Structures are given as C-alpha cells and as structure tokens.
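First the structure, in the form of structure tokens, and then the observations on it.
The values are calculated or read from the model by the stated rules, or taken from the named source; none is laboratory data. Since the structure is predicted, the reported quantities are computational estimates derived from the model, not experimental observations. Neighbour counts are summed over all protein chains in view; Cβ atoms, including those assigned to glycine, are modelled from backbone coordinates with ideal geometry.
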C-alpha cells in the first residue's frame, strides 16, 4: 500500500501519545518494583516448597530434582536493591509527570493560537 506524497507514517506516540505515556510509566514502575517482586516470588516459592530463605545464606531447597536454594537466596537478597530503585522510580515518575504536564500545557497553548 502506497502513501500519498508528504504523508509519513506517524512515529510511536505521535498519533496516540497516551500509549507512549502509559508505556513509559509502566517501565518506570517495573524498574522500581522489580527487586521487591523478585523477593516476594522467592518467599512464595520457598514457602510453597517448604524451604528456608533468609539473608544469612543459601539453604538446600529441592524442587523438581534441582537445588534452587542459591537462586532463591539471590532473589531474596535482590529485594534489598529496592531501597535504591523505589526512590529512583519515584523521582522518575515525578520527572515524567512534569514532562507530560508541560507537554499538555504547550499543546493547549499552541491549539489556542
């Protein structure tokens, strides 16, 4: 299918900027919450399989014939990274909100002229 001359395909976010805004906020939230989610998954898997998980070290945990104790310990300790990513995600959310608000204000001013 050919496009008429002078008609370029809009880039992602130009035609429907709400999708780009939502995708960015989702990425910021995943960045901020991933360490906490991994720690919760580690606790849930350890609890379901009857294993012990804590910061002291890894403990043997057999699941489907494989020892996943070190993986569970790693995922659990990764939760401490949330002390850095949650505040950074909050700052990212504030910066992104300021960007979106200024963009909306500029579009409205441009539309009035």
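If only residues of the range 56-85 that are touching a residue at least 40 places away in the same chain (Cβ under 8 Å) and surrounded by 15 or more Cβ atoms within 10 Å (Cβ to Cβ) are counted, the one that is nearest to residue 32 (Cα to Cα) is 85. Pick from the range 16-55 the residues that are loosely packed, with under 11 Cβ neighbours inside 10 Å and either touching a strand residue (DSSP E or B) at 6+ places or on another chain (Cβ under 7 Å) or not in a helix (DSSP H, G or I) (or both): which of them is modelled with the lowest pLDDT? So the residue we want is 55.
The residues of the range 56-94 include none that are within 30 Å of residue 21 (Cα to Cα) and not in a helix (DSSP H, G or I).
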